[in-house]
């Protein structure tokens with residue numbers, strides 16, 4: 001019995017599941033942020049740009065192999081489990097693994113073969129920075145991860161479809177821990193001990209994605225083998241209809257395709273930047289190639305790390321929302337669907353908007369702590385962080401529309417946003433340059449507008465087609481906005497006592513800690529006093545919180 005308690009898993013409701021999934025993802029992103037301090041010190045901005053090239057291409061191909069199918073598996077498993085179709089549920093898992101393996105091997109070989117062509121498309125005839133051979137090398141190294149990650153993602157989707165959130169969340173932390181260890185230790189050994197090139201160090205660092213995925217996969221296989229009874233548990237005895245593998249395969253593709261489209265489009269935002277930013281800044285704003293690559297590294301690698309924390313919150317909420325939303329759709333309980341959508345968006349904005357505002361205000365000391373002094377860093381981060389906020393809203397709403405099977409709206413919103421980004425990128429670089437403002441603000445603005453328009457299209461369609469009432473979300477967001485502005489004004493006042501600038505990393509860190517503590521206290525006191533917290537998370541969560549406090553006393 002004791003052994004069962006140790007390895008047993010419990011199902012999670014929406015709020016608890018969202019919390020567990022978000023916590024796991026946020027922890028991985030925190031690890032992903034912490035490592036950049038020593039990593040940046042070892043490889044510098046040029047190495048960061050090279051690392052960004054490899055990861056941008058990797059994420060684009062990962063969109064084809066794994067980012068859509070796990071969520072589809074999660075949704076299908078949740079549906080079949082709710083209906084009592086246990087045989088179909090198991091076959092969906094097996095088919096999902098086969099599809100993932102096939103796509104993984106296909107994309108691996110495509111990257112291996114066409115890496116030189118991709119590198120040429122990225123760099124063109126530019127000289128003075130990374131070479132085509134450098135980019136080709138790191139792309140081929142990181143392609144090995146595509147052999148493992150797709151199958152790993154299917155396992156996570158299967159766990160999440162059963163509402164077992166702890167194991168997949170821990171697997172993400174484990175994956176990131178191994179990856180970060182290899183990035184830091186491997187790049188340090190390559191440069192400082194063996195005196196290898198920056199390209200070799202980046203190659204070792206990107207291999208961390210493969211190693212982390214292998215460890216995470218083995219962990220989930222172990223957890224599944226030790227909890228077979230939990231996965232085979234039958235909730236209700238029903239006469240299961242005949243569902244062929246062909247029907248299941250078709251369902252996986254139909255469910256996965258919109259998720260794949262979401263991630264492909266998001267990856268294309270990065271790809272558009274990768275092939276236009278350096279050339280655009282050089283041609284339209286008179287930047288040197290080295291400075292343009294520095295800015296590119298900030299958008300693709302160094303600055304993007306902070307955006308990923310905000311995006312992680314939305315991912316955690318979506319991971320928990322999709323299976324519970326699928327259950328409500330199967331039961332045709334559209335009142336519950338509307339309630340869950342309002343709660344999901346409210347939780348998302350409650351957590352991410354004040355974070356974005358705080359990071360923007362503290363951009364100088366944050367950049368100093370992580371990367372040292374920089375000509376462009378703080379300016380890029382102070383504006384770019386709001387892209388993370390809008391990506392979170394976009395991801396949540398487009399995933400909700402997909403879960404309601406409105407695939408036309410999903411595709412339309414994605415394509416409109418992407419076209420807008422493509423049309424605006426270079427034009428806004430030139431426009432901001434002509435206005436005497438930082439030209440790279442044009443790139444960030446184009447990205448923000450692309451995601452914002454996609455978000456608005458989804459919100460309007462949910463309102464028109466499914467009669468979703470956003471009254472609760474709007475009220476909660478206005479309260480969130482007021483609390484965030486109160487926090488912001490407290491920062492402005494605190495500036496007169498403790499300025500937001502320091503020439504040392506330790507001084508900058510102390511400034512950040514002080515402002516974060518003050519900001520959290522003011523924001524959460526406001527949230528409790530205005531009853532925003534209970535409106536967003538529900539009275540049950542607040543009562544449990546109070547009960548824990550009483551128990552401690």
Revision key, fill the gap. Only one of (1) modelled with pLDDT under 85; (2) within 26 Å of residue 343 (Cα to Cα) does not apply to residue 521, and that is (1)
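Among residues belonging to region 104-131 that are at pLDDT below 90 and in a helix (DSSP H, G or I), point out the one that is nearest to residue 77 (Cα to Cα).
Per the stated criteria, the residue is 118.
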Practice item. Search region 239-258 for residues being assigned to a loop (DSSP other than H, G, I, E, B) and either within 15 Å of residue 167 (Cβ to Cβ) or out of contact with any helix residue (DSSP H, G or I) (no Cβ under 7 Å at 6 or more places or on another chain) (or both), and hand back the single one that is modelled with the lowest pLDDT. Key: 239
Review point. How about region 171-192: which of its residues are more than 17 Å from residue 210 (Cα to Cα) and surrounded by fewer than 22 Cβ atoms within 10 Å (Cβ to Cβ)?
Key: 188, 189, 191, 192
Check your understanding: Do you know which residues across region 470-502 are under 30 Å from residue 37 (Cβ atoms) and in contact (Cβ under 8 Å) with a residue 24 or more places away in the chain?
Key -> 484, 487, 488, 490, 491, 494, 500, 501, 502
Review point. Taking region 365-389 only, how many residues are under 19 Å from the mean Cα position of the chain (by Cα) and crowded, with 23+ Cβ neighbours inside 10 Å?
Key: 6
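Given the criteria free of Cβ contacts under 8 Å to residues at least 24 places away in the same chain and either closer than 13 Å to residue 31 by Cβ or under 25 Å from the mean Cα position of the chain (by Cα) (or both), does residue 218 qualify?
On the way: free of Cβ contacts under 8 Å to residues at least 24 places away in the same chain: yes; either closer than 13 Å to residue 31 by Cβ or under 25 Å from the mean Cα position of the chain (by Cα) (or both): yes.
Criteria met by residue 218.
For residue 516, indicate whether it is surrounded by fewer than 15 Cβ atoms within 10 Å (Cβ to Cβ) and more than 26 Å from the chain's Cα centre (by Cα).
no
For region 143-236, please list each of the helices (runs of 4 or more DSSP H) lying entirely inside it that holds at least 2 residues being modelled with pLDDT of 90 or more.
Working: elements: 149-161, 166-188, 198-226, 228-232.
Filter on region 143-236 gives 149-161, 166-188, 198-226.
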Review point. Can you name every residue in region 202-217 that is more than 13 Å from residue 142 (Cα to Cα) and surrounded by 24 or more Cβ atoms within 10 Å (Cβ to Cβ)?
Key: 216
Revision key, fill the gap. Quick count over region 423-465, residues being closer than 29 Å to residue 401 by Cα and surrounded by fewer than 16 Cβ atoms within 10 Å (Cβ to Cβ), is 5
**Study point:** residue 271 vs. criteria more than 22 Å from residue 155 (Cβ to Cβ) and either out of contact with any strand residue (DSSP E or B) (no Cβ under 9 Å at 6 or more places or on another chain) or part of a helix (DSSP H, G or I) (or both)
**Key:** yes
Practice item. State whether one or more residues within region 323-342 are buried (at least 19 other Cβ atoms within 10 Å of the Cβ) and within 24 Å of residue 445 (Cβ to Cβ). Key: no
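The values are calculated or read from the model by the stated rules, or taken from the named source; none is laboratory data. Please read all numbers here as calculations on a predicted model, not as lab measurements. Counting neighbours? That spans all protein chains shown, and the Cβs are built from the backbone with ideal geometry, glycine included.
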